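The values are calculated or read from the model by the stated rules, or taken from the named source; none is laboratory data. Since this is a predicted model, take the numbers as computed values, not measurements. A quick note on method: Cβ atoms are made from the backbone with ideal geometry, for glycine too, and the neighbour counts reach across all protein chains shown. These accessible areas exclude ligands, DNA and RNA; they are computed on the full protein's heavy atoms, side chains included. Shrake-Rupley method; radii C 1.70, N 1.55, O 1.52, S 1.80 Å.
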Amino acid sequence: MKALKDDNVNMIGLYGMGGVGKTTLVKEVGRRAKESQLFPEVLMATVSQNPNVIGIQDRMADSLHLKFEKTSKEGRASELWQRLQGKKMLIILDDVWKHIDLKEIGIPFGDDHRGCKILLTTRVQGICFSMECQQKVLLRVLPEDEAWDLFRINAGLRDGDSTLNTVAREVARECQGLPIALVTVGRALRGKSRVQWEVASKELKESQFVRMEQIDEQNNAYTCLKLSYDYLKYEETKSCFVLCCLFPEDYDIPIEDLTRYAVGCGLHQDTEPIEDARKRVSVAIENLKDCCMLLGTETEEHVRMHDLVRDFAIQIASSEEYGFMVKAGIGLKEWPMSIKSFEACTTISLMGNKLTELPEGLVCPRLKVLLLELDDGMNVPQRFFEGMKEIEVLSLEGECLSLQSLELLTKLQSLVLIRCGCKDLIWLRKLQRLKILVFIMCLSIEELPDEIGELKELRLLDVTGCRSLRRIPMNLIGRLKKLEELLIGKDSFKGWDDVGCDSTGGMNASLTELNSLSQLAVLSLRIPKVECIPRDFVFPSLLKYDLMLGNTTKYYSNGYPTSTRLILGGTSLNAKTFEQLFLHKLEFVEVRDCGDVFTLFPARLQQGLKNLRRVEIEDCKSVEEVFELGEEKELPLLSSLTELKLYRLPELKCIWKGPTRHVSLHSLAHLHLDSLDKMTFISTPSLAQSLSKLETLCISKSGELKHIIREEDGEREIIPESPCFPKLKTIIIEGCGKLEYVFRVSVSLTLQSLPQLKRLQVSDCGELKHIIREEDGEREIIPESPRFPKLKTLRISHCGKLEYVFPVSLSHNRDGIIKFPQLRELSLQLRSNYSFLGPRNFDVQLPLQKLAIKGHEEVGNWLAQLQQNGSVQRLEFVQVDDCGDVRAPFPAKLLRALNNLKEVIVGGCKSLEEVFELVEADEGSSEEKELPLLSSLTELQLYQLPELKCIWKGPPRHVSLQSLNLLFLTSLDKLTFIFTPSLARSLSKLERLYISK
């Protein structure tokens, strides 16, 4: 962390052996750096042994919410460079194996871009030198006491457990301080008997598990991983573990792909539904994650393998027992002919490469799984598969393929073709054992052959992303009687046949065919018009579905459905269809531009409200209420709802109409409301009581909103206690012109007010008088602890009638100082001379890093008060704008305390005569003794200061501008000079100087 704060260090290298915890450490460093606002943005990308520049660019763009307009690597690098240039940012590059060209990726770097700091991890110390890291940090294995603590925690041992601790310490010592070994072995032996511990200790001591010429520590890690592997309880879990090594290093492994491979390999019972197999794979993955042999990712749909664990898995998989050959993601252009014979191979993975040619005449009599990625457009030789007649799983990506070449693969059970140019699809009829057939983004496919209907064993058909697919023959789908999962998605076939709907002469598939599929459980498709749904059509009983009715350009997932979701876009609501789906466990609903609908969820549907998890409604001009509530007494309604988003609903008068006493919002975490022109309140007091898990509250552009929580419940019911929001982290309220206050003080006093609140932002609320309204008789309430212990960001702007930000009763401590221990950013922009704490200012302690004050006449008093209470030492950014009679915002006494000041912006202050006063007012011309002043200042911007006569008043000899990078001056009518000669000599880093008007 010290190196991150050093402005002279812009490249840091963290090196150490595999499994020592480098990735875990830099993730924590990144989290702390962002949390402490050391860096506004933290980006992280994994590089790996064979860097994929496009992949790295994609991951960084995702974090920045950047959509590339260019497709070339160079064009994307330019866009990324422009986005990052000049920004203060920490970029973490994990798992670097060789010198990387940062410019090729698009990362600004060097003395010209000091805001961009890079932290890399590597196993090779030499990489730190080749990348010119100014700071190099060795991460060693853990010392014995720390290693024992980590091992004991993961093994579930009590410190005083004398029966096991002796042998357990022996086992821990064999892990030699390597975290990955300590964790995996500890997890493997958790809950085992003393005898099992003794056996494990002996195995570790006597292990001969050696891998080529690896260093001793790595051999030790493999020995420990072997023990963890041997202790896996089920063979199914071991098989799943080995399958994970088929993917490239540092790959986000799709659980769905693992499921399809497992089904194709016959790892599960032949009669078992795919969904059951998927659950069993998920259980195996959870078991592997529990013992740290697999890692979680940002999504629940993927897992990762630590590269050391993957190396070990490949070692296991390459044994005679498994017969795997894995060369995934290593940049191969040719088939690995260095291997003399493939006759023993049962599984070959060459995914993540770009093979430009394939051999003919290969003999692979035992091969069951083949995973290939070829160079785009490469033709697969017609005879390539002739010596592979036992294949059960085949995955091909990027090539041109005649399906006739597969006619001899009669045992094939899973066929996955990704971005392939496919022809001769009629030959699929030869593959009668096929259970899984996948065409993903195969743009050459314009129609499915009728012969697919002959695949009587087919369980899953996936044509996701086949944009050219225009025709599915009538009754093809209906003949697939064993079909369990049909995945078509948004960007694929949408020509469902019905009266007045099909333009192909009535020869396309019809939705009615779905009713003949008695085993159908998972469905993903798009229906362009509600008219395509026959009047008597009933959707089958489904476990999961992604259905989109109508047209919409909004985001729509093309992935595997993980829940039940319905999207309605640009179409009138078909009440019958909606009710069918809604009453059948509908969890996610998105409605956009839905026509003449006044009540979205009428009372007759309220039985289905208990399943809803996310609701998003946009641009529905007629909707007046979202939920119509009746007298439901069985279960709390909306009890599963976690997210509610309502945008641009001009006629909406209330979210919930009717009695709310049977409604519980105890799961609601995120509430986003925008442009609700007629809403006057959001919640009743009784409903607000259930918001115990609310984390985010965002309200904008709702001009009639007066109260967030209505003062009267309206249901003649006694409210036993005030609502509380113990989980609320973010409050953003903008453009609510009639809002009178955000909360009453009685709300905030409950359960230590808002203990998790980190961000409070209120703007453009013209009638707002109080953020937290203090009632008569409440001012004497003096709690002992801070009321906002985690508040980090507070921004208030354009709230002209605001009297004070916080009432005194909220935060007063016994020592008389009101503390906001985590507040780092304070931005106040108002016309009124409000006080921070009402009805008058008290001593307040604000450990700020950023301060912006706009439109406040008493800014001088503000800064003086902050200095008096020791709140300026951390200040790095100060902005003063349009602030009345202030003449010198930075007097000498204040300036001495601002040791960390980096950026100053002053503008629109008509009376200001000088910016920095270098001597005390009563010291005459005596020199300032303390030094150096302003030595951390990097940016200074001054504008529209008509009375400014000098920037620095007093002797400047002890002022140093050694860090100043940018100086921007405009509309300074009375300024006659900028620098004295002595000041000018310290400007060694000045890069940009702008002077105008």
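Contact order normalised by length for the chain, with contacts defined as Cα pairs under 8 Å and 6 or more residues apart; what percent is it?
After rounding, I find 3 percent.
In the context of the full set of protein chains, residues of the chain present 43 Å² of accessible surface per residue (probe radius 1.4 Å, heavy atoms only).
Taking a label point 7 Å from the Cα of Arg158 along the Cα→Cβ vector, which residues of segment 177-208 have an amide N closer than 18 Å to it? The answer is 190-194, whose backbone nitrogens lie closer than 18 Å to the label point.
On the basis of the beta-carbon distance and an R0 of 45 Å, Asp62 and Val195 show a calculated FRET efficiency of 0.35. What distance in nm separates the two pseudo spin-label positions at Asp149 and Val538, each 7 Å out from Cα along the beta-carbon direction? That separation, rounded to one decimal, is 6.3 nm. Evaluated over the Cα positions of segment 90-186, the convex hull gives a direction-averaged projected area, one quarter of its surface, of 8.1 nm².
Based on the mean of other Cβ atoms within 10 Å per residue, sort peptides 170-178, 64-72 so the most packed one is first. Walk me through the numbers on the way to the answer.
Working: 170-178: 21.3, 64-72: 11.3.
Those peptides, ordered most packed to least, come out 170-178, 64-72.
Within the straight-line cut-off of under 21 Å between alpha carbons, the lysines reachable from Lys67 are Lys87, Lys88, Lys103, Lys490, Lys554, sequence neighbours fewer than 8 places apart in one chain being disregarded.
For Val663, the residues whose amide H sits under 5 Å from its own are Leu637, ignoring neighbours fewer than 5 places away on the same chain, with H placed 1.01 Å from N. The calculated FRET efficiency for the pair Ser911 and Ile330, based on their C-beta separation and a Förster distance of 60 Å, comes to about 0.30. Taking the 1.4 Å solvent-accessible surface of the chain as the whole, the part contributed by carbon and sulfur is 48%.
Take the Cα of Glu531, step 7 Å toward its Cβ, do the same at Ile978, and the gap between the two points is 6.9 nm.
What is the calculated FRET efficiency for Leu443 to Arg31, with r their C-beta to C-beta distance and R₀ = 35 Å, to the nearest 0.05?
Values: r = 41 Å, r/R0 = 1.18.
Between Leu443 and Arg31 the formula returns 0.25.
Using per-residue counts of other Cβ atoms within 10 Å, averaged over each peptide, order 361-374, 294-307 from highest down. Walk me through the numbers on the way to the answer.
Numbers: 361-374: 18.9, 294-307: 16.6.
Final packing ranking: 361-374, 294-307.
Taking amide H positions as modeled 1.01 Å from N, with prolines and chain starts lacking one, the residues under 5 Å from Val124 and 5 or more places away or on another chain are Gly16. In this label model, Asn50 and Glu203 are separated by 3.3 nm, measuring between points 7 Å along each Cα→Cβ vector.
I want the antiparallel fraction of DSSP beta bridges within the chain, as a percent rounded to 5.
Numbers: 5 of 174 bridges.
Of the beta bridges lying entirely in the chain, close to 5 percent run antiparallel.
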